[in-house]
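Data block below; observations after.
The values are calculated or read from the model by the stated rules, or taken from the named source; none is laboratory data. These figures come from a predicted structure and were not determined experimentally. All Cβ positions, even for glycine, are placed from backbone atoms using ideal geometry, and neighbour counts span all protein chains on display. With ligands, DNA and RNA removed, areas are computed over all heavy atoms of the protein, side chains included. Shrake-Rupley method; radii C 1.70, N 1.55, O 1.52, S 1.80 Å.
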Amino acid sequence: MKRLVERVARYCAYVFCAVFGSVSLLACGGVEKSDYNPTADAQAQLVEAKDSAELLGKNMLVQIGGDWCPWCVRLNAFIKGDAEILEYIQQHYVWVHIYYGKDNRNEVAMKMLGNPTNMGFPVFVVCAPDGTVLHHQSTGKLEAGKGYSRRAIMSFLQAYGALPSSDSDVAVAAIPDSSASQQESGGRPEDAGE
């Protein structure tokens, strides 16, 4: 009986620590819900961002990754924690987060973006307001130590924040209009691995 009481007490202590620890982290800002949504319709997200970009006359900044990726979470926190970078993005881009992970590879959306997933995660894709893919950016080149370089990120954003001229390079892919994207079928392979 004594052994049973000790086991129950130990179990209750574990549960208390787990619950209290989680609540403490949330209250202190240690865990932040990111903008990556594994259940979102990535094609619809891209079409909506394209429509907004056309309306606002801005390029799109597509950020691909997920909460499973520590560097993706760090990048989000870094950008949101730097008022100047965040303001620059808001002024010059329509910023959209697209989830990619073993549970949802968003293959059709990745194809629309020129299959940038071979660059690692997170990865940026810059698109013109018409949905034309202008550039894939490995964020590894934007890192500094165990974080990100403010200077490198601002340099990248400024290089692609201006609208493309009519004599720009040939695009690798393009996001279709909303009527065309509704005809595409999106798959979520159940056995997708990273």
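Here are some notes:
- Solvent-accessible area of segment 39-121 (1.4 angstrom probe, protein heavy atoms only): carbon and sulfur portion equals 51 percent.
- In this structure, Asn37 and Arg151 have a Cβ-Cβ separation that, at R0 = 22 Å, corresponds to a calculated FRET efficiency of about 0.15.
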